[in-house]
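Q: My questions all concern the structure below.
Nothing in this text is a laboratory measurement; each read-out follows from the coordinates by a stated rule. Note that the structure is a prediction, hence the values are computed from the model and not measured. FYI the Cβ positions are ideal-geometry reconstructions off the backbone, even for glycines, and counts take in every protein chain you see.
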Amino acid sequence: MHWYRSVCPLDCFAHCGLLVAVDSGKVVSVKGDPDHPLTRGMVCSKAKKHVERTYSSERILAPLLREKQGFRQISWGEAYDIIAERLSRIKQEYGSLALLHHSGSGYEGMLADLATRFCNAYGGPTVPEGSTCWGAGYAAQTYDFGTPGTHDWSDLSNSRCIVLWGRDPSRTNIHVIPHIRQAQQNGARLLVINPLSIDTPGKPDLHIAPRPGTDGALALAMAHVIINEGLIDRDFISQHVHGYSDYSRIVEGFSPRRAAEICDVPEASIQKAARMYARHKPAAILLGYGLQRYSNGGQTVRAIDALCAITGNIGVPGGGASYAHSGWKHILGDLKGNHLAHSRRTIPWPRLGTGITEADDPPIRAILVTRSNPVTQLAHTARVKSAFAQAEFVVVVDFFINDTAGLADIILPPAGPFEHEDVVCNSWSPYIALAPQIIQPLGETRSDAQIFCDLARHMGLYEFGPTDPAEWLEQVLRPATSYGVSLERLRQGPIRHPFVGPVAWQDRKFKTPSGKFELYSSAAASAGISPLPDYIPAKEAGAPASAYTLHLLTPHHSDYLHSQFVNLKSNEDTLRTPVVWLHPQAAKARGLADGDRATVATAQGTLSATVRIADSQREDTAVIFQGGWHKFGAGVNLLTPERESDMGLTIAYYDCTCEVKREGCA
Ligand SMILES: Nc1nc2c(c(=O)[nH]1)N[C@H]1C(S)=C(S)[C@@H](COP(=O)(O)OP(=O)(O)OC[C@H]3O[C@@H](n4cnc5c(=O)[nH]c(N)nc54)[C@H](O)[C@@H]3O)O[C@H]1N2
Ligand SMILES: Nc1nc2c(c(=O)[nH]1)N[C@H]1C(S)=C(S)[C@@H](COP(=O)(O)OP(=O)(O)OC[C@H]3O[C@@H](n4cnc5c(=O)[nH]c(N)nc54)[C@H](O)[C@@H]3O)O[C@H]1N2
Ligand SMILES: [Mo]
């Protein structure tokens, strides 16, 4: 048996360093790499499930073609012939924009971008615009700071107060937990702001559970207290902050009493939170992605960033409003080849289903899906499904026949993360790491890079460039050579981003139009958005209709990554079937008990689920974890609306209300 060093390529905060044991050409075990500078040997349950996924009997090991009776195995040659013939004909008849390319972050290896290059060499596809994930908060931090910026997790031990604002590290970011524990042991205060209770190492000093979608008002009211009680940092504001007087006028309108009503929390809690944050400096805010999945999500993040600015918690160890940083991808070679496209069209992601169906001149005739599962993961599944149904040719590159692949004409099976060489990075971890090939690709599977190199060659798309993935790997790394990045060096271990320090904005140089932190953003004004972080009620969460009295929250689960791993046998009894979590009072009011079957209904659709009771959530919420497959009777996006955030074109999944009724009741 031999142990190899690798990295988890999943789309999460960590990109854990892995040690992978191989015996007789087979991966037999995966564990954390204690030498990884960031993750230090700690891995979550999903990392270990890479082994089960690799060898799952349901994994697709050869290309599949849909026929009347179901899918039939075909050779790669046949698959490439069919794809080349269909795509060429569609391009001839309608132009390249009749192809929609849907790609996600299901796998974070750099070479997977060659799928985009293929589509660009084809002539340029239609692509979704915006974000399924973090776009509203990213845009907000760009207006405020110039770029998003995050502190190292270990810097939390310098904090005297930590605010987990709409972020649940116990489920999505376990590596910060030891640092929070350390800070609490040092005497730091812990403030949790979340409609749900979350697990933290020590009990939080304060938990505020606002009505979903109202955090903007809460943040403005905290600023009200901070300003009125003279807790602002005058020096920092005068030197580094733009727009304070306009901002303070808005803040005047948000007394704790007013916000207490909007947010449905005690007025005293707002005062306590404001004092706790402003008096225990340095104070760190860890911003999550939940609170920006609303129609007012961008301004919510701006209102929270503002707290950090007026208290001078910027550029100091232990401070910050950590969300993301502008990562490695900016200094690596870009394989996407956007310059190769002759044309390009976008459809907003939050309304992709409708957008595809309504597109004309040209209509969408073909859809290519890579490293994403849009049928399960995009809002308003019914619309996404009908959009797929009206396309004449759908190609999906994926491991399993999931909800999206189930609608494909051709499924191409990719090689898994241990079966080809790539480098892995994103804008959450400051490290870039090598994922070497440590076993042969299973069955006839091929890496995404190989598939799109092959297809480019097969279709004679010479603009694509080299058709050997190894050459592309060199091109990815070449621009970063001056920072000491090379394959050789990566073989010894991960490399830290040269410009991402442990503390964000230590130089107080903000890439905003004014060069300062902007409470007033003229860039936002030019984009037609309020230049100040004013509170505007969320569309649906802000005004629940009488038919739908519960806020539907669909957060991320600790044991699976979106829809990945849900189908594995070891998850059969726990994760596959849909569960709706209700507060005891909410269940009682609806005559529901733990274990009952219920129908969850929204304006978009219905879902049948088992009721579970938890008093760790607001009475007016229903919680269903995202990621479940329709195939197994789950799929929470059957319920979510085609709604977008105020900036960053992000899907406002949580700006959604529902009703829950005992199954069979009218
Ligand atoms: N295990 C695991 N880890 C993951 C992922 C996964 O699927 N599984 N996904 C990865 C990805 S792509 C992402 S984007 C991140 C997301 O990481 P997080 O931001 O931590 O997780 P989310 O589930 O998106 O939402 C976070 C929290 O927002 C809260 N929330 C919802 N609405 C509101 C609100 O109005 N106000 C406040 N204050 N809080 C609210 C929810 O209750 C939830 O606890 O996690 C990454 N890590
Ligand atoms: N209701 C609701 N919906 C949500 C969210 C929510 O909080 N609530 N969160 C949203 C967020 S934050 C995100 S980031 C999105 C994620 O949305 P997606 O990126 O669509 O989610 P995944 O389920 O991770 O799908 C990735 C797919 O890629 C496949 N895959 C993995 N590795 C490879 C590979 O090497 N090659 C290829 N070709 N395929 C591969 C996996 O098998 C999987 O089917 O979901 C969003 N959807
Ligand atoms: Mo995400």
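Q: On a C-alpha basis, how far is the centre of the stretch 163-212 from the centre of the stretch 427-465 in Å? Whole number, if you could?
A: 39 Å
Q: If you restrict to DSSP beta bridges whose two residues both lie in the stretch 550-662, what percentage is antiparallel, to the nearest 5?
A: 70 percent
Q: For the stretch 80-145, report the translational diffusion coefficient in µm²/s to the nearest whole number, using Stokes-Einstein at 4 °C, 1.567 mPa s, and a Kirkwood Rh over Cα pairs.
A: 92 µm²/s
Q: Does the stretch 484-580 come out rounded, prolate or oblate by the C-alpha gyration tensor, with a ≥ b ≥ c the root eigenvalues, rounded set by a/c under 1.5 and, if not, prolate when a/b is larger than b/c and oblate if not?
A: Oblate, since a/c reaches 1.5 and b/c is not below a/b.
Q: OK, next. Give the percent of DSSP beta bridges with both residues in the chain that are antiparallel, rounded to the nearest 5.
A: Given both bridge residues lie in the chain, the antiparallel proportion sits at roughly 50 percent.
Q: For the cross-link pairs 509/539; 203/281; 385/661; 31/509, which exceed 29 Å when the distance is taken from alpha carbon to alpha carbon?
A: In this structure, 509/539; 31/509 exceed 29 Å between Cα atoms.
Q: Starting from the alpha-carbon convex hull of the stretch 580-630, give the projected area averaged over all orientations, in nm².
A: Value for the stretch 580-630: 3.7 nm².
Q: Continuing with the same structure: Cα axis of helix 267-279 to longest principal axis of the chain: angle in degrees, 0 to 90, nearest 10?
A: Computed tilt is about 80 degrees.
Q: Relative to the first principal axis of the alpha-carbon coordinates of the chain, what is the inclination of helix 297-310, with its axis defined by its Cα atoms, in degrees from 0 to 90 and to the nearest 10?
A: 50 degrees
Q: Rounded if a/c is under 1.5, else prolate if a/b beats b/c, else oblate: with a ≥ b ≥ c from the C-alpha gyration tensor eigenvalues square-rooted, which is the stretch 2-54?
A: oblate
Q: Which residues make up the longest stretch of the chain that has no GluC sites (Glu not before Pro) in a DSSP loop with at most 12 other Cβ atoms within 10 Å?
A: 59-571
Q: Still on this model: Arranged by the count of other C-beta atoms within 10 angstrom, fewest first, what order do 53, 662 take?
A: 662, 53
Q: If you don't mind, another one. What list of ³J(HN,Hα) values in whole Hz, one per residue of the stretch 176-189 in order, does the Karplus curve 6.51 cos²θ - 1.76 cosθ + 1.60 (θ = phi - 60°) give from phi, with Gly and Pro shown as x?
A: 7, 4, x, 6, 5, 4, 4, 4, 5, 5, 6, x, 5, 7
Q: Rounded, prolate or oblate: which fits the stretch 550-662 when a ≥ b ≥ c are the square roots of the eigenvalues of the alpha-carbon gyration tensor, with rounded for a/c under 1.5 and prolate only if a/b beats b/c?
A: Note, shape of the stretch 550-662 comes out oblate.
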